[in-house]
Amino acid sequence: ILTGLLLSAALVAPGWADTPQRQIVVTGEGMVTAVPDMAWISVGVAQEALKAAEAMDAMSAATAQVLAELRAAGIAETDIQTGQLTLEPRFDYSAANGVPKMIGYTASTTLEVRVRALDDLGGVLDAVVTEGANRLGGIRFDVADKETLLEAARRDAVADARARADLYADAGGFALGALLALTDSGGYAPPMPMYDMRVGAEMA
């Protein structure tokens, strides 16, 4: 988990309070790591039939079986999200004249399932595949308490940005003042921290 803060510091020379403020802008980065304790799995159910209604009915029945199996495996309703439902015609492209021939329909839907206990992941996958899920979209590992990790990353990003600001101010002969502004890029994106600080400057 990465987070970033962009800091801008204003520099004010003693005796020059009425002059425009100057700023130092620095970027700090904070990063924390954690062992995943949960997973998201994406599974799909697709059924084919000659008629659209038949394909939809078959898909609905298979999806109901998958949902029942998930509940039996201890997955809560709030941990199951239904995704996109599609109905598409099927074509046979093997005709000698090259003209596609419609031969039926495919109805499909997807389910996003959160598995809170990683030890249950294999059993959940076996169950849903056995009961009608015939497409696997992928598995994404995650942590349940991301906010605590993000808080730690933010603290590290602030400390990193402040250290950089201190370094530049010392090299330039300035003393950092109060923090003026802070922008958190946050989340999993590359860190882009921002700080605003007042500083005093010694003029030669």
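Largest accessible area first, the residues Met102, Met56, Met38, Met31 order themselves as Met31, Met102, Met56, Met38 under a 1.4 Å probe with ligands, DNA and RNA left out. Amide H contacts of Leu136 (H built 1.01 Å from N, in plane; Pro and chain starts excluded): Gly44 sit under 5 Å, all sequence-distant by 5 or more or on other chains.
Just to confirm a number: summing +1 for Lys and Arg and -1 for Asp and Glu over residues other than Trp40 whose beta-carbon lies under 10 angstrom from that of Trp40, what do you get? Around Trp40, the surrounding residues sum to -1.
Note on Tyr105: accessible area is roughly 60 Å² with a 1.4 Å probe, heavy atoms of protein only. Centre-to-centre separation between the Cα atoms of region 71-90 and those of region 111-129: 13 Å. Across region 82-93, rounded Karplus estimates of 3J(HN,Hα) from the backbone phi angles (6.51 cos²θ - 1.76 cosθ + 1.60, θ = phi - 60°) give 7, x, 5, 10, 10, 9, 10, x, 10, 10, 9, 9 Hz, Gly and Pro being marked x. Counting charges near Ala58 (Lys, Arg +1; Asp, Glu -1) among other residues having Cβ under 11 Å from its Cβ returns a value of -2. In this view, the solvent-accessible surface of Glu48, computed with a 1.4 Å probe and all protein chains in place, comes to about 120 Å². Heavy-atom accessible area, probed at 1.4 angstrom with all protein chains present, ranks Ile41, Ile24 as Ile24, Ile41, highest first.
Taking the Cβ of Leu111 as the center, what net charge do the other residues with Cβ under 13 Å away carry, scoring Lys and Arg +1 and Asp and Glu -1?
Working: positive: Arg71, Arg114, Arg135; negative: Glu69, Glu77, Asp79, Glu112, Glu131.
Surrounding charge for Leu111 is -2.
Given axes a ≥ b ≥ c from the Cα gyration tensor, I'd like to know whether region 119-181 is rounded (a/c under 1.5), prolate (a/b larger than b/c) or oblate. Prolate, since a/c reaches 1.5 and a/b exceeds b/c. Surface calculation, 1.4 Å probe, protein heavy atoms: Asp170 sits at approximately 120 Å² accessible. The amide H of Gly177, built 1.01 Å from its N in the peptide plane, has Arg198, Val199, Gly200 as neighbours under 5 Å, considering only residues 5 or more places off or on other chains.
The values are calculated or read from the model by the stated rules, or taken from the named source; none is laboratory data. Computed from a predicted structure; not experimentally measured. Using ideal geometry, Cβ is built from the backbone for each residue, glycine included, and neighbour counts are taken over all protein chains shown. Areas reflect the complete protein model, heavy atoms only, side chains present, ligands, DNA and RNA absent. Shrake-Rupley method; radii C 1.70, N 1.55, O 1.52, S 1.80 Å.
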